[in-house]
1. I'm trying to understand the selection: among the residues of segment 67-83, which are more than 16 Å from MET123 (Cα to Cα) and among the acidic types (Asp, Glu)?
2. Considering only segment 134-149, I want to know if a residue exists there that is surrounded by 22 or more Cβ atoms within 10 Å (Cβ to Cβ), of a type in the set (S, T, N, Q) and in the same structural domain as GLN22 (by TED's automatic domain parsing).
3. Just give me the residues in segment 99-112 being more than 14 Å from THR63 (Cβ to Cβ) and surrounded by 13 or more Cβ atoms within 10 Å (Cβ to Cβ), in sequence order.
4. For segment 1-44, what are the residues that are at pLDDT below 90, assigned by TED's automatic domain parsing to the domain that holds ILE335 and within 20 Å of ALA132 (Cα to Cα)?
5. Just checking, does segment 26-49 include any residue being crowded, with 17+ Cβ neighbours inside 10 Å and in a loop (DSSP other than H, G, I, E, B)?
Amino acid sequence: MNTGYTTSCRPGDRKTYLAIGQDLFSISEYVDSQYNYSLHNEQIMPRSNYAPAAAMVYTDLDTLKGLYTPTDYGSGIEYADGIFDVFPDTSIGLQIGLWLNGTIGCEQIINGDRDYKLKMLAMYLDVTKAGAVFLRIGYEFDNPFFGYSENPGIYIKAYQKIVNYLREELSENALGRTNFVWHSWAAPRQNGISLEDFYPGKSFVDWIGISVFQQLYPWESGWGEGYVDWGGDRSYIEEVLEFALREDKPTMIAESTPYGGINMNTTDTIAFHETNSWFRWFEKVLDLIEEYDIDMFSYINCNWDKQPMWHQAGFGDTRLSSNKNVMKKWHRRIIRSEGKQEFLMGNSLTCAEDKVTVKTQIRTDFSTIDVTSYIILGVVFCAIIILSKAYSPKPEEEKANALRRASRSRSSMPSSRNSYQSIPSMGVPNSPLPIYKNLNSSIHKNSHFIPGPDLLNL
């Protein structure tokens, strides 16, 4: 069991990884448009220089589609392995959104009904070409419409089981580059539920993430239900970031886009004097990144209106290439890092293992242990060392045992991507469709997730 190390991939002070999403061709369009802009402005650099540090991809634990095989949930092609074809000469990380299907899915995970899929996930993480993996387990867990709020404790147990399972199954190298992300939607939660009610514990979380969509606008989102404006405001973002500071965890903007589109022109933008596309959203996000020294910025660069899942959801067109002024400022502030923050691109993600003990089953507060307890622990430790030396195998026996273990490991691991493709899919028997069918269209605006193909029936 790999319990001796954890990882964080923290980039360092005043440095922020750039991640782009959220489908294969939107990611490719981002890089091509950046390269095109540079050539038109005599900033000649190789196309690979515009590759982000990480690319976003989504999958669900029922099918694991979108990792080793391409799929389209109605929001563009999700294909993790395809990302490496887009960037063949660049080391790039994967930022993976793992949908758990609410409380129903969490109970299946806890009961062992998804162990087979967890095994397949571990196998994929072992062989992926990604320089680092950021696994957002049950992303936006506190979104009231995602099905986890009925019982946050069930979500915690499922999250912990996934982490424990992967720590047990992953090779040391794979575990060293895998980061477990606890991702809040950073907006109002269901009444009476606190952020901490969902927290699986410090030893189970490597990074803490937030979503940034409409919270930075000065007007209400229009997603109200009764007296609650579900869109939220900046204070909800700050709550999560302050929590991360107290927990000493690196932070990421795990999902973000200027809701309404880059070229949004509404009565609100006019009434609040927010007609400048850059300053209305992008500048405010950069202020947030600089204020909290956020470690990763994940931007969704796509034309939501052209995707079947989102064409009536109100997200608009958020491709940077859709606005010349935004593209110009993006190059200055992000590509050339002409600000307080340095943004890191492809080839920047190399996760070194930190020598930090990971307590996966029992977390002990050593500040409460008295001197006598320390003496007892010391005696037990010495006894273990003496016994291990007395009963340790001879060198030739140790070598033989190692060879047998290696042989068993090779026979159980796939030799190539094709090995995964031969595994039959279990389908999506418990899609979130029933949860969403009763929601009105204003709530659908807030449903920025990609859980499974059944949602196309909405």
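The values are calculated or read from the model by the stated rules, or taken from the named source; none is laboratory data. Remember, it's a predicted structure, so these values are computed and weren't measured experimentally. Don't worry about glycine lacking a Cβ; one is built from the backbone with ideal geometry, like all the others, and counts go over all protein chains shown.
1. Correct list: ASP72, GLU78.
2. Scanning segment 134-149 turns up at least one residue that is surrounded by 22 or more Cβ atoms within 10 Å (Cβ to Cβ), of a type in the set (S, T, N, Q) and in the same structural domain as GLN22 (by TED's automatic domain parsing).
3. Those that are more than 14 Å from THR63 (Cβ to Cβ) and surrounded by 13 or more Cβ atoms within 10 Å (Cβ to Cβ): GLY102, THR103, ILE104, CYS106, GLU107, ILE109, ILE110.
4. none
5. Looking through segment 26-49, none of the residues is crowded, with 17+ Cβ neighbours inside 10 Å and in a loop (DSSP other than H, G, I, E, B).
Matching residues to (1) farther than 18 Å from GLU168 by Cβ; (2) free of Cβ contacts under 8 Å to residues at least 12 places away in the same chain:
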site: THR103; (1), (2): yes, no
site: ILE109; (1), (2): no, no
site: GLY112; (1), (2): no, yes
site: ASP115; (1), (2): no, no
site: LEU118; (1), (2): no, no
site: LEU121; (1), (2): no, no
site: LEU125; (1), (2): no, no
site: ARG136; (1), (2): yes, no
site: TYR139; (1), (2): yes, no
